[in-house]
Amino acid sequence: MKKFNIRKVLDGLTAASSSSSSSSATAQPGTPRENDVVQETLQSEHFQLCKTVRHGFPYQPSSMAFDPVQKILAIGTQSGALRLFGRAGVECYCQHESGAAVIQLQFLINEGALVSALADDSIHLWNLRQKIPAILHSLKFNRERITYCHLPFQSKWLYIGTERGNIHIVNVESFTLSGYVIMWNKAIELSTKTHPGPVVHISDNPMDEGKLLIGFECGVVVLWDLKCKKADYRYNYDEAIHSVDWHHEGKQFVCSHSDGTLTTWNVRAPAKPAQIITPHGKQPKDGKKPEPCKPILKVEYKTTRAGDPFHVLSGGLSYDTVGRRACLTVMHGKSTAVLEMDYPIVDFLTLCETPYPNDFQEPYAVVVLLEKDLVVIDLGQIGYPIFENPYPLTIHESPVTCCEYFADCPAELIPALYSVGSRQKRQGYSKKEWPISGGNWGQGTQSYPEIIITGHADGSIKFWDASAFMLQVLYKLKTAKVFERARGKEEKPSADIVEEDPFAIQTLSWCPESRMLCVAGVSAHVIAYRFSKQEVTTEEVQLLEVRMQGEFTDGDSPDPGGDQTPTQLTPGASSSPQESEPLAQPSTGSNSSDGPRDNIPCLQVRSSPLKQSPGYQVELVIQLVWVSGEPPQPITSLAINSSYGLVVFGNSSGLAVVDYLQKTLLLNMGTTELYSPSDPYQRQPRSPRKQRQPSGALGDSNDGSNTSEDRCKSPTSGSTSPCNSDDERKQRFIEKVKSKSRRFSKTVANDFDAKDNSFTRSRSSSVTSIDRESREAISAFHFCESYPRKNDSLISPCLLVGTTQGSVMMVALSLPPGGDQRLQQPVGISSCGTLVSLKGDILTMALLDSTGALLPPSYEPWYDPNASDEEKEKTRRRRPASPPSSQEGPDSQFAVLCSEKQAKVVAMPSHTRIYKHNITESSFVLRADVVQMAGANCIACFCANGHIMTLSLPSLRPLLDVNYLPLTDMRIARTFSFSNLGQALYLTSATEIQRITYSQETCDNLQEMLSELFTPVETPEAPNRGFFKGLFGGGAQSLDREDLFGETAAGKASRSLAQHIPGPGGMEGMKGAASGVVGDLARARIALDERGQKLGELEERTAAMMASADSFSKHAHDMMLKYKDKKWYQL
């Protein structure tokens, strides 16, 4: 695991371009100086960046191997990654530097080592005996392409087959090539005129290690005698071979072919197969050959003591099964079971009781690696049920569209979520224990609860327990249940603004203490949820429709249309205006014969009763409606506060505040109206107005494609003109990604794959770049208890509002008393004008007290909404506001504000800016969070150029700056999330979450916290040969491979054939393992080992010099004897 060197920054000093103390601070009389404000404890020594663990399904898997003694599974991917799995919670990730696809993996069974073969013709030896596996040796072939590898059990000689048909032999201890080579032209018949093709199979006879079975692609199989260096038998078949497997007695083997047939051969009868079957072929009545089928890509032949053998195979279906899903076929005796898979099969392995190939195999399970899943089938139960998978491999069940990370949550949260989530588990799994059970958990010191929430394209939300470097799904919430589903294309609501995944989650706000959850979807809908442990049936889903529209200039006049009634509560969907709107209108927003679409939501809330299971239950659905033929703008920011009973959300049209207790709309105003310090809420609801800018961008000047057509495109393709070069595309990405102005469709996993010229239709109306620039969207919210106006003396509930133009506004909230009055009296809202202005989008805001401690938003402790009134009263109490500071001086709070470009700290209530820091000039910040770290607070930032930075609070001193990612793609930009205690994560691929830490303490203790792959296990005893077999030589024949393949007998291999590369995993891997409790002892041992290694190298060099001197002496002596008696004229 790679650690990063940190560019330490001298504490108390910053770069000249990022001056901490501003001129405005010093200009104000009475403002405290920088060193007098707060005593800060965080130093740069508290920070270090390193990767910790990777969760999820290996992206684009390509190969698989299993150690039957250690019970560890290894999976290789097309990008050169290795994922190793043991028991639940034991996972490991490592990466080949070249990034080439892993074509094959071979365990050194029970040795704690793994050999990987890559598509770039290199093989690598991994040491798994350390917590962070490392490469010990590498061998790069120069002249031949590797196609197949085979490592016999308890052997140190690795057979490598090549594309040319040759077989080379590698010593896995030294990773040197043997001089023994099996050439293709020696293996096949001399009379054969064509090349046999690549080697597709190598295996030794289970009963005779001296006989090697070689399969060539063309259909030729050769049994090679290693001692005599000749072919004993050759087996020819007309169809190409895909795989071969032995019967454990070594008298028969079976081949799978490209025409869907299986041929069984007796070793001593090479003339013709003993049996030919086509498992899925239709047998003609006239005795002719069955119709050819699809290739059988792999077959495994496993025997049992009591009963018939198993044939397990993939592929081989008949060609008339078009559109049928991939299948695994299990043939046992006369029964044939065809098991359909959800995804194409990459590889499969049959797990057997013994690692010895010459014993009854006793298969008990089949591990099937699919393109997007891992399935383990129980062969011991009728019907072949699957095992329940304990790994977190379902992150990508639906594409992830947003991700949030919460460290140090309330302790009772995880048990509560687990209890409701355990009822959602499927039934029908195998009752046996998960068979991949190797390794041990790490001895972590991190005991705080961690929760990850992922939002998905199908509208589902998953809660994950991420404590102690593990990941386990706790609970799944399906938000789409609230809406009616269209049964067919004809019934699809015409008001949809996205063609696919209309329920996709765009952003979410969660309060762990009150367990209130609020989600915003791509169809401009917001849903508020409460958590309950009791099941309830909701007769009518509470619905609130909100009409948000863009700003208008003096030239616009109000539309004489009917008055809007946004505050009206609409129970269910029965009174929705959709009923009066014809459903056949095109969704382009253009005028039709019935007039433009208006007051119609994008989705239809279900009208039938909704049965809600224990867990999260719908409190209120809020939908934005179409305005004068234009779809509602995507929601760019969202916040919920349980103490105030409010939900607030914003987009490029403005912001809306909803009271979810009274189910009423409190405020709906355009962004520009916030700038006025007057109280806008006293006005009556306004009439609908004509829009000057029908569908502008989300405050992003480079992304103006928001027609109903373009809204469903990939977030990476926001340009209306084609982009041809990679540089242009990357530049557009840098210009376009805005953290909170998020817009997406079906998948966030497209990175740069989306074609930038995919916009084929023109916008519904022309919007110039100047118009788009003027559209100011809401980008951030923060509920707090502060001073609403400048120089106020009393603290009251407030809302901080940040925009894409860098403005931060304060909104004062006037809450009625609790109890029944809270449900009857309205909440008062008044805008207090601009607090401060920064460069770029506002990303995050927070409040500190006079000592620098974080002032979190107030919350209401959780209570079960379906419990009795007495229980509710016991738990329902609003957390009191923080008392005013007793510090002398006018200012008792600090507002922390961070945008894409800079951070500022403003004293409250004087509104004096006391600190300012320019975070980046050439790039911009994608994600920023105020986090707790080592008992203090700091700002953590992730930039579009890949840098991760932290700034102290309140003085904004740079503490960490690491160039972590060379180029940020859209997926990482959208899913990066910081959390408390130095934790962060992002989606590194469409299926995997990468967790990182920026805490020095966590980095130091990483070795102890990581799980252990290798555990000392005794190798099972070899099968008993029996008396008669031992007497008459009928048992397994051993072979001294050292005598055959060693340098003494076989000589040296050609140096140009392959290049040996010593890996970094030797001493470097041990150095990495030498941290933690026994660090000093381990370092001392390493020093001794290094000294011993150097002495050994010196001894080897000395021996080589002596050998060279002896050789020189011998040659000199020979020359002297040759010319000793010759005269000078005879020379």
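The values are calculated or read from the model by the stated rules, or taken from the named source; none is laboratory data. A quick note: this is a predicted structure, and the numbers were derived from the prediction, not measured. Please note: Cβ atoms are built from the backbone with ideal geometry, for glycine as well, and neighbour counts cover all protein chains shown. Side chains are part of the model used for accessible areas, which takes the heavy atoms of the whole protein and leaves out ligands, DNA and RNA. Shrake-Rupley method; radii C 1.70, N 1.55, O 1.52, S 1.80 Å.
Some points to look at:
- Count of residues meeting criterion [assigned to a loop (DSSP other than H, G, I, E, B), touching a Cys at 6+ places or on another chain (Cβ under 6 Å) and closer than 24 Å to Pro58 by Cα] in the range 339-362: 0
- Cβ-Cβ contacts under 7 Å between residues 6 or more apart (or on different chains), taken from a first residue in the range 320-338 that is more than 25 Å from Tyr364 (Cα to Cα) to a second residue that is open to solvent by less than 30 Å² (accessible area, probe 1.4 Å) and at pLDDT below 95, are listed as Arg324/Leu317.
- Within the range 171-193, tally of residues that are without any contact (Cβ under 8 Å) to a residue 60 or more places away in the chain and either among the charged types (D, E, K, R) or under 21 Å from Leu118 (Cβ atoms) (or both): 5
- Here Leu136 meets the list (1) in contact with a Phe, Trp or Tyr (Cβ under 8 Å, 6 or more places away or on another chain); (2) over 25 Å from Gly439 (Cα atoms) almost entirely, failing just condition (2).
- Condition check for Glu404: within 15 Å of Leu508 (Cβ to Cβ) and not hydroxyl-bearing (Ser, Thr, Tyr): yes
Rundown of residues vs (1) touching a residue at least 12 places away in the same chain (Cβ under 8 Å); (2) open to solvent by less than 10 Å² (accessible area, probe 1.4 Å); (3) within 28 Å of Cys784 (Cβ to Cβ), yes/no style:
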site	(1), (2), (3)
Pro609	yes, no, no
Gln612	yes, no, no
Gly615	yes, yes, no
Leu620	yes, yes, yes
Trp626	yes, yes, no
Gln633	yes, yes, yes
Asn641	yes, yes, yes
Gly645	yes, yes, yes
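- Leu370 being open to solvent by 20 Å² or more (accessible area, probe 1.4 Å) and on the phi < 0 side of the Ramachandran plot: no
- Ile382 being out of contact with any Gly (no Cβ under 7 Å at 6 or more places or on another chain), surrounded by fewer than 18 Cβ atoms within 10 Å (Cβ to Cβ) and either small (Gly, Ala, Ser) or more than 27 Å from Leu981 (Cβ to Cβ) (or both): yes
- Across the range 445-474, the number of residues qualifying as open to solvent by 10 Å² or more (accessible area, probe 1.4 Å) and aromatic (Phe, Trp, Tyr) comes to 2.
- Test result for Ser714, over 14 Å from Gln549 (Cβ atoms), at pLDDT below 95 and in contact with a strand residue (DSSP E or B) (Cβ under 7 Å, 6 or more places away or on another chain): no
- Check on Val906, touching a residue at least 60 places away in the same chain (Cβ under 8 Å), open to solvent by less than 20 Å² (accessible area, probe 1.4 Å) and either hydrophobic (A, V, I, L, M, F, W, C) or more than 30 Å from Ser796 (Cα to Cα) (or both): yes
- Residue that is under 20 Å from the mean Cα position of the chain (by Cα) and under 23 Å from Gly806 (Cβ atoms), where the choices are Arg957, Arg995, Arg913, Arg927: Arg927
- A search for C-beta distances below 7 Å between a residue of the range 369-380 that is within 18 Å of Arg325 (Cβ to Cβ) and any residue that is among the acidic types (Asp, Glu) and not in a loop (DSSP other than H, G, I, E, B), counting only pairs 6+ apart in sequence or on different chains, returns Leu369/Asp347.
- Long-range neighbours under 6 Å by Cβ, at least six apart or interchain, first residue in contact (Cβ under 8 Å) with a residue 60 or more places away in the chain and more than 25 Å from Thr997 (Cα to Cα) within the range 457-468, second of a type in the set (Ser, Thr, Tyr) and crowded, with 22+ Cβ neighbours inside 10 Å: Ala457/Thr401; Gly459/Thr479
- Of the strands (runs of 3 or more DSSP E) lying entirely inside the range 922-1017, those containing at least 1 residues that are open to solvent by 20 Å² or more (accessible area, probe 1.4 Å) and polar (S, T, N, Q) span 925-933, 958-963.
- All strands (runs of 3 or more DSSP E) inside the range 227-319 with 3 or more residues being at pLDDT 90 or above, farther than 30 Å from Thr194 by Cβ and in contact with a strand residue (DSSP E or B) (Cβ under 8 Å, 6 or more places away or on another chain): 310-315
- Qualifying residue in the range 131-142 (condition: touching a residue at least 24 places away in the same chain (Cβ under 8 Å), among the basic types (Lys, Arg), assigned to a strand (DSSP E or B) and farther than 27 Å from Met470 by Cβ): yes
- If only residues of the range 420-440 that are part of a loop (DSSP other than H, G, I, E, B) and free of Cβ contacts under 8 Å to residues at least 40 places away in the same chain are counted, the one that is least open to solvent (accessible area, probe 1.4 Å) is Lys425.
- Among the candidates Glu1008, Glu992, Glu1012, Glu1001, the residue that is among the charged types (D, E, K, R), within 22 Å of Gly442 (Cβ to Cβ) and modelled with pLDDT of 95 or more is uniquely Glu992.
- For the range 385-403, a residue qualifies if it is open to solvent by less than 40 Å² (accessible area, probe 1.4 Å) and over 13 Å from the mean Cα position of the chain (by Cα), and the qualifying residues are Pro385, Phe387, Tyr391.
- Number of residues in the range 245-275 that are under 41 Å from the mean Cα position of the chain (by Cα) and farther than 18 Å from Asp359 by Cα: the value is 8.
- Scanning the range 133-149 for residues being under 21 Å from Leu73 (Cβ atoms) and open to solvent by less than 30 Å² (accessible area, probe 1.4 Å) gives a total of 4.
- Filter pass, Glu111 being among the acidic types (Asp, Glu) and surrounded by fewer than 23 Cβ atoms within 10 Å (Cβ to Cβ): yes
- Here Ser63 passes the criteria (1) open to solvent by less than 10 Å² (accessible area, probe 1.4 Å); (2) over 14 Å from Leu349 (Cβ atoms); (3) polar (S, T, N, Q) except the one numbered (2).
- Whichever residue in the range 322-338 is in a loop (DSSP other than H, G, I, E, B) and in contact with a strand residue (DSSP E or B) (Cβ under 8 Å, 6 or more places away or on another chain) and, among such residues, is least open to solvent (accessible area, probe 1.4 Å): Ala326
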